[in-house]
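To keep things clear, I will list the structure first and then write my remarks on it.
Coordinate-derived values only; no laboratory data. This one's a predicted model, so the numbers in the text were calculated from it and none came from an experiment. So basically every Cβ, Gly included, is an ideal-geometry build from the backbone, and we count neighbours across all protein chains shown.
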């Protein structure tokens, strides 16, 4: 009779809110951010900037109004977040990086 295989579950690493040198920015966001992000996208499913221009585009990104890298809160209130489509979020990121 064959021996029964034992499956070991890998231990989960807890997400840290503090940036860790060498890790990418997205790795500091844990399950609390993911829940907040999904909640915000459900409440505001359309891209805020496209709506202001008269277009209807589904939002897929949640943008911090006050950048976390500039001292903004990682988990702000809903008023500190903005639903954006990938195009608007990329455009804003480029403009921010270029200092415009």
Ranked on Cβ counts within 10 Å of their own Cβ, fewest leading, 84, 56 go 56, 84
Computed over the Cα atoms of the stretch 27-98, the Rg and Dmax in Å are 12.1, 35
